[in-house]
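Participant: Here it is, the structure in full.
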Amino acid sequence: MKFAFSTNAFTNYPLIQSIEEISKIGYEGVEIMCDVPHAYPPNLNEDKIKEINKTLKNNKMQISNLNAFTLFGLGDTYHPSWIENTKEARDLRINHTIDCINLAEKLGAKNISIEPGGPVEIPSNRDKYLELYANGIREVLPQAEKKQIKILIEPEPELLLESSVEFLHFMKNFDSEFLKLNFDIGHFYCVNEDPSMLVLKLEEYIEHFHMADIKNRKHYHLIPGHGSIDFKKVLATMDKIGYDGYVTVELYPYKTNPVEAASISMKYLNSI
């Protein structure tokens with residue numbers, strides 16, 4: 001397997017500098033945030049895309065994933081989501097996702113990660129939300145299949161899809177090689193699941209991993225080794241299934257010291 005670092009910890013840095021810093025630390029890959037201030041599609045012209053590609057090439061870096069989860073360019077971390085009450089708001093999320101698919105093709109990325117529906121305002125409307133989310137995925141999937149870019153759903157605590165059970169149930173609606181899973185180790189740990197066991201359970205859907213440590217099952221991303229997750233056990237199970245893709249360290253709470261956080265994480269990964 002290969003290790004990458006997400007630029008969402010580097011929002012105080014320009015994207016080009018973020019890629020350079022992550023490369024210096026020793027990561028093989030970079031996950032690029034498809035949002036302000038980095039690679040929000042409406043803000044990128046062809047010259048900027050060429051500059052990003054040139055920087056990746058010069059630093060011998062690959063894109064592990066395009067993070068199309070947050071949408072501060074139009075709202076916030078979660079909004080507009082896939083399950084907003086109005087079609088106009090849902091369309092903003094759908095159009096953003098299509099833009100990210102098109103950007104992935106231009107940057108040579110193989111996949112994008114997306115939110116698992118969004119925050120659920122009225123629990124009793126769960127079936128309605130699931131239908132809205134499925135309908136939204138059906139609108140973007142044809143473009144993903146056309147461009148050969150995989151869409152990775154990322155279950156997260158307190159959103160529509162939190163657990164492996166909910167993810168698997170939702171996936172029964174689809175039969176596409178281009179709709180898969182962004183396996184966030186910390187997120188599953190937060191909802192009282194054992195990530196090492198889930199690697200085996202979800203093997204057929206896994207395309208990419210997010211890594212951050214968690215303490216006391218509280219959803220707050222910590223530097224690997226600073227929380228409670230047994231990463232040796234998780235990585236051993238990943239080895240067992242022959243996973244040879246990217247594991248992206250995602251530490252957006254460390255915006256004031258991303259270089260230090262990325263460096264400490266790399267030292268920890270090397271130590272295990």
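Participant: State which residue is surrounded by the most Cβ atoms within 10 Å (Cβ to Cβ) when the search covers only segment 61-78 and only residues that are assigned to a loop (DSSP other than H, G, I, E, B), in contact with a Ser or Thr (Cβ under 7 Å, 6 or more places away or on another chain) and not hydrophobic (A, V, I, L, M, F, W, C).
Facilitator: Filtering segment 61-78 for residues assigned to a loop (DSSP other than H, G, I, E, B) gives 61, 68-78.
Still in the list and also in contact with a Ser or Thr (Cβ under 7 Å, 6 or more places away or on another chain): 61, 68-70, 77.
Subset that is not hydrophobic (A, V, I, L, M, F, W, C): 70, 77.
Values: Thr70: 19, Thr77: 14.
Here the residue is Thr70.
Participant: I would also like to ask the following. Please go through segment 100-111 and pick out each residue that is of a type outside the set (Lys, Arg) and under 16 Å from the mean Cα position of the chain (by Cα).
Facilitator: Cys100, Ile101, Leu103, Ala104, Ala109, Asn111 - these are the residues of segment 100-111 that are of a type outside the set (Lys, Arg) and under 16 Å from the mean Cα position of the chain (by Cα).
Participant: Could I ask something else about it? Go through Glu115, Glu84, Glu105 for me and flag whichever is free of Cβ contacts under 8 Å to residues at least 60 places away in the same chain and surrounded by fewer than 18 Cβ atoms within 10 Å (Cβ to Cβ).
Facilitator: That would be Glu105, the only listed residue that is free of Cβ contacts under 8 Å to residues at least 60 places away in the same chain and surrounded by fewer than 18 Cβ atoms within 10 Å (Cβ to Cβ).
Participant: Only one residue in Lys50, Lys2 is among the charged types (D, E, K, R) and more than 17 Å from the chain's Cα centre (by Cα), so which one is that?
Facilitator: Exactly one residue qualifies, and that residue is Lys50.
Participant: How many residues does segment 257-272 contain that are aliphatic (A, V, I, L, M), in a helix (DSSP H, G or I) and free of Cβ contacts under 8 Å to residues at least 60 places away in the same chain?
Facilitator: Residues that pass the stated criteria total 1.
Participant: Name the residues in segment 5-26 that are part of a loop (DSSP other than H, G, I, E, B) and within 17 Å of the chain's Cα centre (by Cα), would you? Spell out the reasoning first.
Facilitator: Going through segment 5-26, the residues part of a loop (DSSP other than H, G, I, E, B) turn out to be 10-14, 26.
Answer for segment 5-26, where residues must be part of a loop (DSSP other than H, G, I, E, B) and within 17 Å of the chain's Cα centre (by Cα): Phe10, Thr11.
Participant: May I ask you to list the residues in segment 140-182 that are under 21 Å from Lys106 (Cα atoms) and among the acidic types (Asp, Glu)?
Facilitator: Correct list: Glu145, Glu177.
Matching residues to (1) of a type outside the set (A, V, I, L, M); (2) touching a residue at least 60 places away in the same chain (Cβ under 8 Å); (3) out of contact with any Asp or Glu (no Cβ under 6 Å at 6 or more places or on another chain):
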position	(1), (2), (3)
Ala4	no, yes, no
Asn12	yes, yes, yes
Ile16	no, no, yes
Asp47	yes, no, yes
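Participant: Sticking with this one: Identify, by number, the condition in (1) free of Cβ contacts under 8 Å to residues at least 24 places away in the same chain; (2) under 26 Å from Tyr246 (Cβ atoms) that Ser124 doesn't meet.
Facilitator: Among (1) free of Cβ contacts under 8 Å to residues at least 24 places away in the same chain; (2) under 26 Å from Tyr246 (Cβ atoms), Ser124 violates only (2).
Participant: Could you look through segment 103-123, keep only residues that are assigned to a helix (DSSP H, G or I) and over 11 Å from Cys34 (Cβ atoms), and pick out the one that is modelled with the lowest pLDDT? Quick ask: steps written out before the conclusion?
Facilitator: Residues of segment 103-123 that are assigned to a helix (DSSP H, G or I), as a first pass: 103-107, 123.
Then keep just the ones that are over 11 Å from Cys34 (Cβ atoms); that gives 105-106, 123.
Numbers: Glu105: 98, Lys106: 98, Pro123: 92.
It comes out as Pro123.
The values are calculated or read from the model by the stated rules, or taken from the named source; none is laboratory data. Please read these numbers as outputs of a predicted model, since none were measured by experiment. Using ideal geometry, Cβ is built from the backbone for each residue, glycine included, and neighbour counts are taken over all protein chains shown.
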